[in-house]
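A short write-up of the structure that comes next.
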Amino acid sequence: MHIAEGFLPPAHAVGWTLAAAPFVVHGARRVATEVRERPENTLLLGAAGAFTFVLSAIKLPSFTGSSSHPTGTGAGAVLFRPPVMALLGTIVLLFQALLLAHGGLTTLGANVVAFAVVGPWAGYGAYRLTRRVGGGLLPGVFAAMVVADLATYVTTAAQLALALPDAETGIAGALVKFLSVFALTQVPLALGEGLLGVLLFRALTANARPELERLGLLAPAPEPAR
Amino acid sequence: MTRSRLVTALLVLGVVVLIALPLVLDGGTSEFAGTDATAAALAEERGAQPWFESVFSPSSAEVESGLFALQAALGGGVLGYVLGRLRGRRLAERSREDGGT
């Protein structure tokens with residue numbers, strides 16, 4: 001989902017940067033508030049950032065004969081709501097743009113919108129929907145991880161199609177071509193990421209139940225029988 | 001407890017299978033090129049002209065993979081630290097409850 005440095009025309013680069021900026025500023029405020037008002041959650045905040053740091057660094061093979069990387073943004077979106085991920089995701093993308101020549105500064109805005117805004121919000125929507133129809137925390141987390149991952153890559157394909165529309169078939173034709181690069185490859189990776197998210201939240205439920213209850217993810221349990 | 005361990009093992013197995021199966025089924029015919037690079041190549045084919053260079057590019061594939069490993073290590077390290085702290089906190093609370101009253 002990283003659009004390479006310099007690949008978006010200047011007008012698009014500026015446009016996406018302006019679109020991303022308010023989300024990142026708002027996200028930074030949310031992180032600062034969270035740390036100040038609920039310092040006991042700082043550890044979990046670190047876990048959310050670390051999770052997306054690891055997952056977005058690892059490129060995995062897929063059934064299509066190409067490889068890609070997961071995003072890991074769904075976990076933090078479920079824990080702290082999506083705005084927080086706008087900041088954490090941007091830090092990941094900056095690290096990769098500056099040190100790894102992966103993504104770039106001119107495409108940072110577009111990549112932030114895909115990875116740190118659309119992905120987390122779509123994942124959070126999938127989580128809320130799952131909970132509303134009676135799914136538990138873990139099915140909700142699975143849905144959030146899968147949808148956040150896929151939504152990020154679909155957004156990247158759309159951004160590239162907007163910048164490079166097809167001569168005959170226009171933006172829609174270009175979208176089909178860019179989706180064919182990303183979409184199928186991403187499906188097994190998104191499912192794997194969903195399973196990893198379930199593993200993370202099982203560990204959190206076992207070791208951080210009071211924190212998850214305070215965040216409203218789990219109903220307070222009756223006194224455990226020991 | 002054993003049931004919980006079994007579920008954990010099955011989840012880990014599921015992740016491993018999802019990653020390993022493509023490699024096994026493929027039998028060495030594909031190069032597993034990254035989709036980001038493929039998309040960039042497709043964009044160039046369609047007339048995209050990069051107008052800005054990365055401020056810093058790793059000078060070789062080895063350096064690049066090392067930096068990716070660094071990113072994963074930082075994330076994995078912090079994640080392990082947090083889960084360890086949370087677990088320690090819980091165990092301490094539990095033993096305090098057992099010791100008191």
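Quick test of your reading of the structure: B:P50 fulfils all but one of (1) more than 7 Å from chain A (Cβ to nearest Cβ); (2) open to solvent by 50 Å² or more (accessible area, probe 1.4 Å). Name the failing condition by number.
(1)
Filter segment A:108-160 for residues that are buried (at least 24 other Cβ atoms within 10 Å of the Cβ) and not in a helix (DSSP H, G or I) and give the result.
none
In segment A:173-208, which residue that is small (G, A, S) and open to solvent by 50 Å² or more (accessible area, probe 1.4 Å) is nearest to the chain's Cα centre (by Cα)? First the steps, then the outcome.
First, pick out the residues of segment A:173-208 that are small (G, A, S): A:173-174, A:180, A:183, A:190, A:192, A:194, A:197, A:203, A:206, A:208.
Those left that are additionally open to solvent by 50 Å² or more (accessible area, probe 1.4 Å): A:180, A:206.
Working: A:S180: 21, A:A206: 24 Å.
The qualifying residue nearest to the chain's Cα centre (by Cα) is A:S180.
Within segment B:10-22, can one find any residue that is closer than 25 Å to A:G192 by Cβ, open to solvent by less than 50 Å² (accessible area, probe 1.4 Å) and more than 8 Å from every other protein chain (Cβ to nearest Cβ)?
Yes, there is a match, as at least one residue in segment B:10-22 is closer than 25 Å to A:G192 by Cβ, open to solvent by less than 50 Å² (accessible area, probe 1.4 Å) and more than 8 Å from every other protein chain (Cβ to nearest Cβ).
Only one of (1) more than 16 Å from A:I58 (Cβ to Cβ); (2) exposed (fewer than 13 other Cβ atoms within 10 Å of the Cβ) fails for B:R90. Which number is that?
(2)
Would you call B:P22 of a type outside the set (K, R) and under 30 Å from A:L8 (Cβ atoms)? Lay out the reasoning, then the answer.
Values: of a type outside the set (K, R): yes; under 30 Å from A:L8 (Cβ atoms): no.
Here the answer is no, as B:P22 does not meet what is asked.
Inspect segment A:73-93 for any residue being over 19 Å from the mean Cα position of the chain (by Cα) and open to solvent by less than 20 Å² (accessible area, probe 1.4 Å) and give the result as yes or no. So that I can check it myself, show each step before the final result.
First pass over segment A:73-93, keeping only residues over 19 Å from the mean Cα position of the chain (by Cα): none.
No, segment A:73-93 has no match at all.
Which is surrounded by fewer than 17 Cβ atoms within 10 Å (Cβ to Cβ) and of a type in the set (G, A, S), of A:A163, A:A167?
A:A167
The values are calculated or read from the model by the stated rules, or taken from the named source; none is laboratory data. Model, not experiment: these values are computed from the prediction. Positions of Cβ are generated from backbone atoms using ideal geometry, with glycine treated the same way; all protein chains shown enter the neighbour counts. These accessible areas exclude ligands, DNA and RNA; they are computed on the full protein's heavy atoms, side chains included. Shrake-Rupley method; radii C 1.70, N 1.55, O 1.52, S 1.80 Å.
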